[in-house]
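No lab work stands behind these numbers, since they all come straight from the coordinates. No experiment lies behind these values; they were computed from the predicted model shown. With ideal geometry, Cβ positions are generated from the backbone for all residues, glycine too; neighbour counts draw on all protein chains shown.
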Amino acid sequence: MKKFITINVNGQDVECAVEGRTTLGDFIRNEAKLTGTHLGCEHGVCGACTVLVDGRPMRSCITFAASLDGAHVTTTEKLGQDRIGAVLREAFHEAHGLQCGFCTPGMLVTCRDILARHKNPSEETIRYELSGNICRCTGYMNIVAAVKLAAQRLNSDEVK
Amino acid sequence: MSKNLGVGASLLRKEDKRHLAGRGEFTSDLDIPGTWEVAFVRSPIAHGKILEIEAPAGFSGHFFTHDDFPDIKPIRSIPETPGFRPSSYHCFAKDKVRFVGEVVAVCVAPTRGEAEDMAQACFVEYEELPAVVDSLQALEPDTVLLHDDWEKNSFIETSLDVGDIDAVSASAPIVIEREFRMNRHSGVPMEGRAVLTYWDHRLDELVVYSSTQFPHQIRAGLAQHLDIQERQMHVIAPDVGGGFGIKNILYPEEIILSALGMKLDHPVRWVEDRREHFVSAIHAREHLHRIKAYADREGRILGVDADVYVDAGAYSHWPNSPFMETGMVMKNIPGPYDFRNYRARSHTVATNKPPIGPYRGVSRPAACFTIERIIDEIAHAVGKEPFEVRMMNMVKKDQMPYRTVTDLLYDGGDYGECVRQTKELIDLEAVRERQKAPEADGRLIGVGFASFTEQTAHGCGEWVTRGVHVIPGFESCTARLMTDGSLHLLVGIQSHGQGLETSLAQVANQELGIDPDRVSVRHGDTSISPFGMGTFASRSMVMAGGAVARACRTIKAKMAEIAAHMLQCKPDQVSFSDGALHGPTGASVTLEQIGHAGYLRQDGLPSGMDPMIEAVETYEPNIATGVFCYSTQAAVVAVTPETGAVEIIDYAVVEDAGTLVNPMIVDGQIHGGVAQGIGTALFEEIPYSDEGQPLATTFADYIMPGAAEVPHIKIGHMCTPTEHTEYGMKGMGEGGAISPPAAIANAIRDALSQTGAELNETPMTPRRVKAAIDAAQSKV
Ligand code: FES
């Protein structure tokens, strides 16, 4: 049994019939053809597949697409068009916050959410907030540094 | 002076842009029309005979077993080591299964979901045999045999006896006798394995995309196992989401997908799920060391006697056998220490578990754990600070180059100074001061050190002595100046996070003065670059960097001649910088002018010169035994005695990797390595039940270190350039992962020094720490 749904992904309506078992992650990758959202564990732990659903971070690998008819989804591809997201990308580059790049899409989405909620997060807060995203390459040092750098830039922006 | 963009510059990475934009291209991202997906039927039992494989009617053409591919050769890795018992690892299990997760059949369907549905509908009947899950039990005479034609469950036994350990044991005043265990775990890259294959009719070749660390070796390996000429194999490693050694073997799944790609008239792809990864990708370590170490009353090590057991799983894989782990641990137990009496016996044991293979550090985390725990126990026995005993026993600077008791040739450096600098960085005095008063929260504070040497970038000779049958002794590069003066570097190496697209471009800048933004590094594609061995053994920057340097120098000589011709000077008067070639009078020609002449206007070349500005070169360091990076790491931990919980509150690393090409990338490698080492130390384990069932198959049971568990890591660098490589580089990619288990165990020992509790087994979970505390207290 398939269900006909429409999900708005990065501003575009994607309409199709999905099986009940189709996850949002598969929907984004296979139907919306956006492969920036990575599937690292497919059981909701590693965080690589994190996307924003109606503005809130969610694990697309354990969220069923059929339950999100009418929702607005933002994936990593769209972050460049968002002030926090764009600053974060730059900060990840400058702080060497990525190596293989596989966890990066989910990291960026989570970090965007951290900075949307915390103006000046401490190292402890950043590490706590990142605890749902696993990175196997960086040891997190430079991801934490990137979030700090981005926070600093966003704050100095506001002062200007 | 223009800004340094060459060797020594922390240049930001060229590879970041695509990943940050969500435009990386991993194997699962490929969108090739007509691709069908694959799901494997895997053994649910650890050991048994296959009686019958039954697929529902209608599966024909979509379902394949050994009988459909009888000609695929089994994987047999036979090192040139006498006495080795080779296993026949059939890509599809034939007659018998030997671990949970072994491939029995494969299903092909338009989508992954449908393929998985099919796999679930298949029925396989087994006659179960007892499972062999413990390396000591495996060697008992009445234990069932995994491989019927072997006389015991052992790939190989070896021994080593240098000096006179019996004389030492008869007279040494201090004897430390311990058992050390490093349990089975794995590298667990965030991207699992993935393979996509299809027959390209235009080129009449099989295209194989695989998430692998060594595409050229895979090409050779696939050709050897399938009935196909190597010229018709095209292997591509696109973006690869981490490897750490786990993607450094030829997998049965790669061979099966290739066979399917040859048989079917559409592309096929397999994207592994996480459970498959835990049960069928290679595992690592699983060491048991039984040690007797001898010292004098000053704490000087007199000798070590070791029995080493490595639980190698069911099969030996291609190209390296599991003996690499065992052989290396025997050689590395002596670590950076100067002693001349050493005896070791090794057992590479076969059990009903997945094969073990390389994982960052290969055997050295276990070797380091053993010797560094021993150093601390000697220190406790003679009543000295462990760092003092460490420094006292280390190979001294004036002994370099130093040949160890196991015949490793340490090429240079100041090991003791490295310990001293680490002690400063971790501020040992402050920790000792803090320990004088109880902590407000009741936790116990401890500090521990661990040092190691890391053999890197070893050449042909070293691999020959290890008996491997594929010798990764070199790397290659084609340097090609384009008509507009931009540059292609086509390298046989593969980069999956190490940043080689950037650091190799820096080498080109160093040689040619070309802006790294005008350099493309192409890797991971067998049809683009000359043959190369791939990324492992901390070799890539030394080996591929050396090859790039040589290829650039070859075209540089030709470019200088062209410039001299244009500038009316001598070639040796031409200097290269800022994208141009400068003559002695201040006149210059641009790289573009050189490229233009080289291809499009040959009339601008000196007479008699051949067109084209391109060179292919290989490189091997001038010392076959490798160059040794060395390091000391220190951890400060807080232990909660009631629960056994351990928190790392400070961490320091001092390392000497010689000349650093890109210090930012080097530090990133250290961070990542240390985080993985912390996983080994405290969290990661793949235990098996007595029936051979894996007990860690999800990230709920296999705990990966997260941002909250990995501390801020302080790094210090020493720099002793080696004379044996280009620019004095040494490899360093694995080192970070080697020390943490030992440093943390020593820190816990220090924290618990009142009770005398010791942790000699990893991971040091709260349960094990608590048990050690309880055991120590019950002795009091
Ligand atoms: S950069 Fe490789 S997993 Fe995070």
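Both numbers refer to the Cα atoms of segment A:1-79; Rg and Dmax are 11.1, 34 Å. Gain on full extension, evaluated as 0.36 nm per residue between B:Lys94 and B:Gln573 minus their Cα-Cα distance, stands at 165.6 nm. Can you list the aspartates and glutamates whose alpha carbon sits under 19 Å from that of B:Lys3, skipping same-chain ones fewer than 8 residues off? Filter leaves A:Glu94, B:Glu511, B:Asp515, B:Asp517, B:Asp578. Computing Rg and the Kirkwood Rh from the Cα coordinates of segment B:259-323 gives a ratio, Rg/Rh, of 1.31. Most fluctuating residue of A:Asn120, A:Asn30, A:Asn142 in a GNM of chain A with Cα springs under 10 Å: which is it? It is A:Asn30. A simple spin-label model places the labels of B:Ile32 and B:Ala381 6.0 nm from each other, with each point 7 Å out along Cα-to-Cβ. Look at B:Ser631, B:Ser135 and count the other Cβ atoms within 10 Å of each Cβ; fewest to most, that gives B:Ser135, B:Ser631.
Based on Cα contacts under 8 Å between residues 6+ apart, chain B shows a relative contact order of 16 percent.
Partner lysines whose Cα lies under 22 Å from the Cα of A:Lys2, excluding those fewer than 8 positions away in the same chain, are identified as A:Lys33. When B:His277, B:His458 are sorted by how many other C-beta atoms sit within 10 angstrom of their C-beta, beginning with the fewest, the order is B:His277, B:His458. Under the simplified labelling scheme, the B:Thr640-B:Glu723 pair shows an inter-label distance of 5.6 nm, with each label point 7 Å from Cα along Cα→Cβ. Packing here is the average count of other Cβ atoms within 10 Å per residue, and on that basis the peptides B:137-146, B:425-434, B:495-504, B:637-646, highest first, run B:495-504, B:637-646, B:425-434, B:137-146. Couplings for segment B:529-546, taken from phi via the Karplus curve 6.51 cos²θ - 1.76 cosθ + 1.60 with θ = phi - 60°, read 10, x, 4, x, 9, x, 9, 5, 6, 6, 10, 5, 5, 5, 6, 6, x, x Hz in order; Gly and Pro are left as x.
Between B:Asp161 and B:Glu691, the simple spin-label model (points 7 angstrom out along Cα→Cβ) gives 4.5 nm.
Where does the charge balance sit around A:Ser131 when Lys and Arg score +1, Asp and Glu -1, over other residues with C-beta under 12 Å from its C-beta?
-2
Each listed q (0.15, 0.23, 0.25, 0.28 Å⁻¹) maps to a log10 I(q)/I(0) for segment A:82-154, found by the Debye formula over equal Cα scatterers with no solvent: -0.38, -0.97, -1.18, -1.54. Taking 0.36 nm per residue of separation and subtracting the Cα-Cα distance, full extension of the segment from B:Asp398 to B:Arg23 would add 129.8 nm. Near B:Val133, once Lys and Arg are set to +1 and Asp and Glu to -1 for all other residues with Cβ below 11 Å from its Cβ, the sum equals -3. Remark: mean inter-chain Cβ contacts per residue of B:659-671 equal 3, using a 10 Å Cβ-Cβ cutoff to other protein chain atoms.
As a calculated quantity, the FRET efficiency between B:Ser778 and B:Thr406 at R0 = 41 Å, using C-beta atoms, amounts to about 0.60.
Relative to the Cα centre, the charge distribution of segment A:2-77, modelled as +1 at Lys and Arg Cβ and -1 at Asp and Glu Cβ, gives a dipole magnitude of about 160 debye. About the centre of its Cα atoms, the protein assembly as shown shows a dipole size close to 1560 debye [charges on the beta carbon of Lys, Arg (+1) and Asp, Glu (-1) only; nearest 20 debye].
Under the definition of partner shielding as Cβ atoms of other protein chains within 10 Å of a residue Cβ, what is the mean value for peptide B:25-32? That works out to 3 on average. Take every residue in peptide A:32-40, count the Cβ atoms of other chains within 10 Å of its Cβ, and give the average of those counts. Shielding by partners across A:32-40 averages 5.
Sorting the segments B:317-323, B:367-373 by their mean number of nearby beta carbons within 10 angstrom, highest to lowest, gives B:367-373, B:317-323.
Could you work out the helix-only [θ] at 222 nm for chain B, with each DSSP H run of four or more residues adding -39,500 (n - 2.57) and the total divided by the number of residues, to the nearest 500 deg cm²/dmol?
-8500 deg cm²/dmol
For the protein assembly as shown, the alpha-carbon coordinates run over 83, 81, 66 Å along the three principal axes, in decreasing order. With R₀ set to 41 Å, the beta-carbon distance separating A:Ile62 from B:Asn622 gives a calculated FRET efficiency near 0.15. Overall, the ratio between the Cα radius of gyration of chain B and 2.2 N^0.38 Å, rounded to two decimals, is 0.99. Kirkwood radius and radius of gyration were both taken over the C-alpha atoms of chain A, and their ratio Rg/Rh is 0.99.
Put in line by how crowded their Cβ is, counting other Cβ atoms within 10 Å and starting with the fewest, B:Ile594, B:Ile713 read B:Ile713, B:Ile594. Extension gain, A:Tyr128 to A:Gln81, is 14.2 nm, computed as 0.36 nm per intervening residue step minus the present C-alpha separation. Residues with beta-carbon under 11 Å from that of B:Gln676, excluding B:Gln676: net charge, scoring Lys, Arg +1 and Asp, Glu -1? In short, 0.
Straight Cα distances below 17 angstrom link B:Lys96 to the lysines B:Lys49, B:Lys73, B:Lys353, with same-chain residues fewer than 8 positions distant left out. Hydrodynamic analysis of segment B:643-763 uses the Kirkwood radius over alpha carbon pairs. Inserted into Stokes-Einstein at 25 °C and 0.890 mPa s, it gives a translational diffusion coefficient of 150 µm²/s.
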